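*Asks:* Could you have a look at this structure, given as structure tokens, before my questions?
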Amino acid sequence: MAVLVIGLLPNLDVASLCLTNLAEADFAANDVSIVTENPKDAVLIGNVGGPLAGVNAGNLTARLAGYGLPSEVAAAYRKGVASGKVFVAIATPDAAEAAAEMLGDSRADAVRILREG
């Protein structure tokens with residue numbers, strides 16, 4: 001079963017630092033995705049792959065629904081991205097709690113652990 005830890009980081013600078021911290025904690029880059037309102041911003045901080053590769057702000061709600069997130073909750077993540085926050089998703093079946101804690105330490109809002117299925 002796929003496990004995804006998600007949250008909204010305040011801005012690109014915090015997202016960049018969070019990605020560095022995740023890498024230092026041995027989370028693989030291909031297990032981390034970010035979604036920004038402007039896709040070029042994700043490229044600037046060097047993360048365009050991961051479990052949500054190809055997802056953009058426009059289709060984020062639908063993709064999160066695939067993890068069983070109610071549409072109104074998923075839409076709140078989309079609204080956060082539209083307001084300038086950075087959505088981050090970490091695929092980690094074995095370290096979900098650690099990933100969630102790291103997002104919280106990075107001042108992420110709405111941190112959740114999702115299980116696909």
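The values are calculated or read from the model by the stated rules, or taken from the named source; none is laboratory data. Computed from a prediction, not measured in an experiment: that's the story for all the values here. Backbone-built Cβ (ideal geometry, glycine too); neighbour counts: all protein chains shown.
*Asks:* Quick check on my filter: what residues within region 14-36 are in contact (Cβ under 8 Å) with a residue 40 or more places away in the chain and among the acidic types (Asp, Glu)?
*Replies:* Within region 14-36, just Asp31 meets the criteria.
*Asks:* Then there's this: Only one of Ala65, Ala57 is more than 18 Å from Asn11 (Cα to Cα), modelled with pLDDT under 95 and surrounded by 13 or more Cβ atoms within 10 Å (Cβ to Cβ); which? Before you say what the answer is, go through the steps one by one.
*Replies:* Details: Ala57 fails: more than 18 Å from Asn11 (Cα to Cα).
From the options Ala65, Ala57, the qualifying one is Ala65.
*Asks:* Additional query: Could we say that Ala15 is surrounded by fewer than 23 Cβ atoms within 10 Å (Cβ to Cβ) and either outside any strand (DSSP E or B) or more than 10 Å from the chain's Cα centre (by Cα) (or both) here?
*Replies:* Working: surrounded by fewer than 23 Cβ atoms within 10 Å (Cβ to Cβ): no; either outside any strand (DSSP E or B) or more than 10 Å from the chain's Cα centre (by Cα) (or both): yes.
The answer is no for Ala15.
*Asks:* If Leu103 passes every condition in (1) assigned to a helix (DSSP H, G or I); (2) surrounded by fewer than 21 Cβ atoms within 10 Å (Cβ to Cβ) but one, which one does it miss?
*Replies:* (2)
*Asks:* Hey, could you check region 21-52 for residues that are among the aliphatic types (A, V, I, L, M) and not in a helix (DSSP H, G or I) and say which is nearest to the chain's Cα centre (by Cα)? Full working, then the answer.
*Replies:* Step one: of region 21-52, the residues among the aliphatic types (A, V, I, L, M) are 22-23, 25, 28-29, 32, 34-35, 42-45, 48, 52.
Going one step further and asking which of them are not in a helix (DSSP H, G or I), we end up with 25, 28, 32, 34-35, 45, 48, 52.
On the way: Ala25: 16, Ala28: 14, Val32: 7, Ile34: 5, Val35: 7, Ile45: 14, Val48: 11, Leu52: 8 Å.
Across region 21-52, the extreme among qualifying residues is Ile34.
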